[in-house]
Structures are given as C-alpha cells and as structure tokens.
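The values are calculated or read from the model by the stated rules, or taken from the named source; none is laboratory data. It should be emphasised that the depicted structure is a prediction, and the values quoted were computed from it without experimental measurement. So basically every Cβ, Gly included, is an ideal-geometry build from the backbone, and we count neighbours across all protein chains shown. Note: areas computed on protein heavy atoms with side chains; ligands, DNA, RNA excluded. Shrake-Rupley method; radii C 1.70, N 1.55, O 1.52, S 1.80 Å.
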Amino acid sequence: MASITLDNLGKVYAGNVRAVTDVNIDIKDGEMIVLVGPSGCGKSTLLRMVAGLETITEGTLKIGDRVVNHLEPAERDIAMVFQNYALYPHMTVYNNLAYGLKNRGIAKPEIDRRVKEAAEMLQIGQFLDRKPRQLSGGQRQRVAMGRALVREPAAFLFDEPLSNLDAKLRVQMRVEIRQLQKRLGTTSLYVTHDQLEALTMADRLVVLNGGRIEQIGTPMELYSRPETVFVAGFIGSPAMNMLPSDYLRGQVAAEALAHVPAKADFIGIRPEDMALGPVQEGALALSGRLLLLEPAGAESHLHLRFEGMSDTVVVRLPHVPDVAEGSMLNFSVPRDKLHPFDRESGKRLA
Amino acid sequence: MQTKRMTFSSRWLPYALLAPQVIVTLIFFIWPASQALYQSFLRQDIFGLRTDFVWFDNFSRLFADPLYLNSLKVTFVFSLGTTFLSMSVALLFAVMVNRMIRSRDSYTTFLVWPYAVAPAIAGVLWWFIFNPSIGIMPYMLKGFGYDWNHRSSGTDAMILVIIAAAWKQISYNFLFFLAGLQSIPQSLIEAAAIDGASRFKRFWTIVFPLLSPITFFLMVVNIVYAMFDTFGVIHATTEGGPAQATNILVYKVYRDGFVNLNLGSSAAQSVILMAIVVVLTVIQFRYIERRVNY
Amino acid sequence: MVENNRWGNFFAHLVLILGVAIVIFPVYVAIVASTHPPGTFIRGVMPLLPGPNALENYKTVITEGRSRAGTPPIGGMLWNSFVMAMAITIGKLSISLLSAFAIVYFRFPFRIFFFWIIFLTLMLPVEVRIVPTFQVVADLGMLNSFAGLSIPLIASATATFLFRQFFMTVPEELMEAARVDGAGPMKFFKDILLPLSITNIAALFVIMFIYGWNQYLWPLLITTDPEYYTIVMGIQRMVTGGDSEPLWHLVMATVVLAALPPILVILFMQRLFVKGLTETEK
C-alpha cells in the first residue's frame, strides 16, 4: 500500500509533440482515482507514465516515498490491467497469474497459494487449466484482474479495463472491481473515457483535456460545480445546456439574473434542473417549442427549440409527460442551478 | 519503417541478434556479388596468366555476341511461356475448385503437391514422358502425324522444358488464385447477378478485375521463377540444347563460368542477371507494400 | 441464379478430374516405370501398368546405387539431403527469428541499414552469383562439407519479413504486460514471442524444408565427393553418367524416392503449408 504523487508531470514525445502538461495529483493511500477525458486527452499516456511504460520527460513521480521516474515497470511495485486484457494466449490461466511471480523468483508453494487465493476471490478457480481463448469476455477480465491481484502490489493501474465488455457485463464488473478495491484498500489509478463509469467508481476523479487537468474532485463536486465549460459538458448525460446569457437577459426579468455575474457569456443549465409547468417563486421562467419527446421508461428527454436560439435545449424529466410535439411548453429553473461561464477562459464565474 | 510503440532498450543486444544473419549475408551474398561486379570488369587471357581491367568491354562483347542475344531471346520465350501456361491452367483449376464446397479440400490436396517436386526432378519426369524412343507422348503424337524429337528440334525442346517448368508451378499459382477468389465478397457477385450479369460476364467484369493484383503479383513471381529457379529443369534434361535452343541465361552463366571457364563474361552475365532481379524485386516489393499495411 | 447449377458442377468436376489426372500423370508414370525390369524399356512404349520388379529395383538403388556410373547407394544420398534440408531450415528459422525480433522490438542506430542488407539477399539468388559464391566457399575450405552445403543458403529475407510482419501483429500490451511482470527482452522472446510464433514457424518449416531438400545447382557445384551427394543432384548424375540410354527403371525408382519426402511433408502439413505460402508472399 502506498500513496502516489504526481508532481508537475509532463510528457513530450520526440519531434516536440506534447502529450501531457503540468499534472499534479496526490493520490492518497487506498484511494481510487479515475482519470477521465475524451480520446487523445492524454489520460492513457499519463497512466502509462505511472506504470513505467512511457518515459517521464518532466516532473517527478513518487510511489510511496520512492522517486520511481527511472525504474523499470517491474521495479515499481505496480500491477496493471490492460484494455484488451493482454493475457498470454499460449499459457493457462494459472500460468498467466503465476508468470510475474515466477519472474520475481517467488517460491512455488507461495505462488500456488497466491494464485489459488486470487482465483477464489475472483471465482475463476474452475478455469485455472484453461487457455484465455476458451474464456468469455467477463472471465478474461477476471483473469486480468487476478494477474494484478496475485502480485499484491502497492498500486493497481487500470487502462480502460471494461471497454471491451458489453453494456450489461460492464456494469457488473464495475461493481465488482470497486468492491474488490475497497476491500483490499489498494491505491488505484483508473482510466476511462466513460463519464458514468468515472462518476460511479471514483473516490476522486480527474478530468483531463488536451494533456492538462481541467478539474480534480469528488464525483459530486464535479457534477454540481463544474469549474470549466469542458467539465460541464463532459460530465453528465445528457450534457449540460449552454445558453447565451444575452439571450436569457432578453427573455426573463432582470432580477432573476441579478446574482449572475454580468461578465458571464454563457449560463449552463443541467437538463434535470428544468421543471415543467408554471414558474415557481424566484425561479427563472423559460419557454420553448417541443421538437421531439423521447420516452425512456422511468424518465424522458424533451428536445426543445427556444425562439431566437440556434441550438436545441434538452430537458430531462423523471416521468413521461402528456404533451404533444409541436406545442409550446413552460419551464422553471431554480436560481441556484445556474452555472455562469466566461467564453474567453472557459472558466466558471462565481 | 515501424517498430513497436514501445521498445526494449539495450545498447548491444539488437546487434548481437542481427549478427548471424548479417554475417552470413555479408560473406555469402554481398561479398560474392561485389566480386561478380569487380570481375565483370576483368578479363583473363586463355592461359589464365594475365588479368586485365577492361572496363565495360565484357558487357559490350556480350551484347555483340549472337549466342548471348539468342540466350536472351530464349529466356524471354521460356519465361513468358512458362508463366502463361502455368497461370492460366492454375486459374482455371482455382475457379473450378472455388465452386466446390465439400470436395474443395480434396481437390486442393491433389493439386498442391507438385510444389514439393524439385525442378530437376520435374524435368526428368517430363523428359521421360517425352522420350522420343519410349515416351508415351511422342507415341501418341505420332498418331496425329507429328514426329516429336526434342533432341533435334529446338521447338520441341522448348515446349518440353516449358511444360516441365510450368507443371511444377501450377500448385503455387493455384493456391494464390484460390485464396484470391475466396477473399472476394459473395455479396459483390450477388449484386452483379441482380444487375443481370451472366455467369461468364460476372467472371470477366467482377471476379477477374478483383483478382488483378494477385495476377500481377503472380506474374512477377513466375517470371522470377522461370528465370532463376529452373536451372535444374534445363540442366537435368536438355542441357541448353539442341543448338542453344533452351540455353536460358542462368544456365549460360553456369556453363560459361564452370565449363568454359570464361570468368569475366560469366561475371558480366551475373551482373546483368542481378540487375534484372533487382528490377523484378522492386516491382514485387512495391506490390507487397501496397497490399500489406506495414 | 448465383447458386451453382447441376450441369455447371458436372462440367467443373470433369475439368478438375482431368486436371488432377494430368497433374498426377508424370508421377504415376514414374512409379509404374520403377516397378518394371530393365528389359521393358528397350523396345516399344513405356508401360502404363505396374510391373513385377518393384522390390528388386528399390533394393538395388537403396543399397547398391550404380557404382559403375559413380553414383553411390541412394540411402546415403537420402540422408545427406535430409541433413542439408534440416540444417538449412533450422538455420534460416533461427537467424530470421532473431533478426526480426531485433528489428521490431528495438530501436537502434543503423536499424534501417541492417534491414536493407537483409533485404538485399532477396535480390541475389544463388544462381546469379554462382561463380563468386563458389569461390568464397572454396576459399573457406567448405567444399564437400555439410557446412558448405547449408550455411551459404541460410540467410533469408523472406522468413525475416514474415516474422517481422507477424511480430507487428502481436498486441503491444503483451510486451507491456511482460515488462510489468518483470520479463527482460530475451525472456519475453523465449516465454511469449516464440510460443506465439509456433504456427508461423511450422508453416515456414514446411516451405524451407522443401526449399532445402530441392537444392540442385548448389550441391552440384560444391560436392565432388560422392559421400556428400544429395539425392536431387544424384539423379542428374544417374541420367547423364555412364550409359548412353539411362537405366529408366532405376532412375525412376530414385526419382520416386527423391520426390517422396517433400511430398509427404506437404500432404501431412497441407494446412500449414498453404498458410505459410500465401502469408509469406502476401
């Protein structure tokens, strides 16, 4: 068990291509940190730098108290779960788990004990003699987890481990990984592009964009108070609506926007913060024409056109309303659910 | 040229790994090739006492030598004949086998094994079948009023070596054509059928054009084969005769070098042959690069 | 209709059966000829049905050869061919695996240069540089030896390319996982890469073995001692050596024995062979 410290970490590839810039993260012992961002944001590179699979060109990386910048992956006391599992196809499950231990010169009985224990924990005991190709996707995923477990490392590194699974299995494995991680209390760094996975699994999550950190925080902090336009758009589905404040000021009474900084160019409103029906006291009143109603069982998504605005606005309701497409609908938004942003810097104001 | 995204780092290991291959290549390929190049500029007198540096004289003599020009012509006819015969028969077989479902593998088995027969043995086999006194083919041809004798007729000898060389190569071409045919999506053929193309038309307008990269590749491979790998066919049967009628370039290099001991001329011929291989290989490699995404 | 019709299928089978018959015919004739007594070939046309002398003919070629014409018993030549073919095959596979590993899994100065040196061997078949190569081997004192028969032929651009291509398709993560598991380059090569390449190795083995077995010009040049004759070149000695008309029954028995091993290899390993062939050149 150990903490991991990323101190001003940066990566510049040959040819001056910059992949990661000024990353500072303090991962506490036993904490699950999720790196999330769109493809190409540098999250995988960052993880691989921690693993030792990419060289670190700037900054310092500490695992525990050791600076590990120049150590081989095997010497960093980490274990990694790869996106495509990277199981050795010609070895049995048992040997896949044991290979790293053998290379470390650990005694046979000890290897056997650890493999059996990990297999037990992951319920893959009956597959130990099989080859990876004889396993289903979910089982392979468990074997990949097992290979990390047997090492009893200081930290787990997960590189999009669930992206090759189908939707149902992904949810199941998500829960299992999180439970296992909490039970073992092993410090973990987890990379995903799926914001829902990130929100549900992380103790804290790190949103990356263009190789830089946009925001670090707990899932709820990021959700309820995104610090940048990027985070606001990336976290939450359907994405936050961004309404030009000029437009809003033309629509509603000035006092409704009194506490919004005058500088704000955009005002973000989450789809679920717009309530259908008459305006409540002190709330913002908006109206738009219903283009499309998407019922989704327990909830529904309404796509609206606001007069004088080019983008459509999406509203999420916890029920399916009885309204006709083409009709005008009225909504109200509580004042504290407005997220003001600056266009120039992309940052949150107030 | 790519490597893996991530590579091992070692200062000396890659060189040690490459050493065996590179040493063999240097000693037995690069060095002899450069020797050939060097010797092609030299000429020994008949007693082997004096060696002169003669610049391009060996080359200019070659191209003035009717025997060499004849050999060029013979090689041209032989290569084209072998390539055409072998490829057309193989394509016919491949198209037929590709129709089959259950019997596909059995037919393939019967058609692939000649690949294993050495060119020299292929030569001897057909030489036997065409033997003027006891061979079955001359006997049958006599029935049609043709008097076969590859010992006296240059044309007969050429036909013999072409058949022997092409026979052995059918397997190779067949396998590639079959692989090519199997990679054509069935949906294309079905679309053509819906567009009203007859079976014959579908072959010539859809299948054959889609096979053209493979056809081109096989053409180069077959020409290389006919030019360089068929030494055994000639040497074990006609020995270049009668009257130089089957004296292809590789056979002439050998004879001039080892039998007639005309080293300068043989070296010059080697250099010309190497130039031909280089051109053919570059063409072939272009093709490989286009097909396989390195 | 895209489906096959009955007449079409009948016609296709007809063409194929005829084709197979023509392809098999030369070997059939050889087998038949090898079972006849010498007298059969003196007059008339070659036989098309087996004769009674099979055992005797094969016994003669295997144990006696034709000492009068200077050809040793076939047994020894078969062994020589086998040793040469195996040496060439194993040599080619080993050095190609190592060089492909170096080229794919390392970055080092002159990498491209070495790649081109290896590539050049593609352009220099032994037939075109025959005289100087013979001189080099003679200077090194390798005439009449197994080393001389095999080593000059073991450089292989083709095999190196195939392995390189295959290594490029091995997922990056396997090497990364191996590194996280504490495996260095040679351990990765031995524990992961070699076992993964086994099908490719086997496929190339078939092709290289046939290539080695069928060598003709090279053994012809560098072996003057009958001790080192290989079977394929030995046939030529039998056909041309001695009598004016070859002893067909013995020649054909030898031909059958010479052609049999590589044919068996192909038939037993057909799937691997096809894979090896079409993927090497693709």
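For the stretch C:194-210, a tally of residues being out of contact with any Leu (no Cβ under 8 Å at 6 or more places or on another chain) and more than 7 Å from every other protein chain (Cβ to nearest Cβ) returns 2.
Screening the candidates A:Leu35, A:Leu87 for the property of being open to solvent by less than 30 Å² (accessible area, probe 1.4 Å) and over 22 Å from A:Ala202 (Cβ atoms) yields one hit, A:Leu87.
Taking the stretch B:56-107 as the range and being more than 20 Å from the chain's Cα centre (by Cα) and of a type in the set (Ser, Thr, Tyr) as the test, the residues that pass are B:Ser60, B:Ser103, B:Ser106, B:Tyr107.
Residues in the stretch B:1-14 that are of a type outside the set (S, T, N, Q) and more than 7 Å from every other protein chain (Cβ to nearest Cβ): B:Arg11, B:Trp12. Report whether or not A:Ser188 is of a type in the set (S, T, N, Q), within 14 Å of chain C (Cβ to nearest Cβ) and open to solvent by less than 50 Å² (accessible area, probe 1.4 Å). In short, no. So, of the residues in the stretch A:158-179 that are of a type in the set (Lys, Arg) and open to solvent by 50 Å² or more (accessible area, probe 1.4 Å), which turns out to be farthest from A:Met80 (Cα to Cα)? Out of the qualifying residues, it is A:Lys168.
The set of residues in the stretch A:64-76 that are without any contact (Cβ under 8 Å) to a residue 24 or more places away in the chain, within 8 Å of another protein chain (Cβ to nearest Cβ) and open to solvent by less than 50 Å² (accessible area, probe 1.4 Å) contains only A:Pro73.
Scanning the stretch C:97-153 for residues that are among the aromatic types (Phe, Trp, Tyr) and facing chain B (nearest Cβ under 7 Å) yields a count of 6. When B:Ile30 is tested against (1) more than 7 Å from chain C (Cβ to nearest Cβ); (2) over 21 Å from B:Arg61 (Cα atoms); (3) of a type in the set (A, V, I, L, M), just one condition goes unmet, and that condition is (1). Note on the stretch A:90-101: among residues that are surrounded by fewer than 23 Cβ atoms within 10 Å (Cβ to Cβ) and touching a Leu at 6+ places or on another chain (Cβ under 7 Å), the one that is nearest to the other protein chains (Cβ to nearest Cβ) is A:His90. If we keep just the residues of the stretch B:9-40 that are out of contact with any helix residue (DSSP H, G or I) (no Cβ under 7 Å at 6 or more places or on another chain) and among the hydrophobic types (A, V, I, L, M, F, W, C), which is most open to solvent (accessible area, probe 1.4 Å)? By that ranking, first place goes to B:Trp12.
The numbered conditions (1) open to solvent by 10 Å² or more (accessible area, probe 1.4 Å); (2) touching a residue at least 40 places away in the same chain (Cβ under 8 Å); (3) under 20 Å from A:Ile25 (Cα atoms) are all true for A:Ala79 except (1). Within the stretch C:10-33, the residues that satisfy the criterion of being open to solvent by less than 50 Å² (accessible area, probe 1.4 Å), more than 24 Å from the chain's Cα centre (by Cα) and of a type outside the set (Gly, Ala, Ser) are C:Val15, C:Leu16, C:Val32. For the stretch C:184-196, the criterion of being free of Cβ contacts under 8 Å to residues at least 12 places away in the same chain and not in a helix (DSSP H, G or I) is met by at least one residue. Of all residues in the stretch B:130-140, those being more than 7 Å from chain C (Cβ to nearest Cβ) and in a helix (DSSP H, G or I) number 3.
Would you check if B:Ser171 is touching a Pro at 6+ places or on another chain (Cβ under 8 Å) and facing another protein chain (nearest Cβ under 10 Å)? Taking the combined requirement at face value, the residue satisfies it. Looking only at residues in the stretch A:26-67 that are assigned to a loop (DSSP other than H, G, I, E, B) and charged (D, E, K, R), the one that is nearest to C:Glu176 (Cα to Cα) is A:Glu54. Would the stretch C:191-201 turn up any residue that is open to solvent by 20 Å² or more (accessible area, probe 1.4 Å), among the charged types (D, E, K, R) and modelled with pLDDT of 90 or more? The answer is yes; a qualifying residue exists.
For the stretch B:93-129, a residue qualifies if it is open to solvent by 30 Å² or more (accessible area, probe 1.4 Å) and either within 7 Å of chain C (Cβ to nearest Cβ) or part of a helix (DSSP H, G or I) (or both), and the qualifying residues are B:Val95, B:Asn98, B:Arg99, B:Arg104, B:Asp105, B:Ser106, B:Thr109, B:Phe110, B:Tyr115, B:Trp127.
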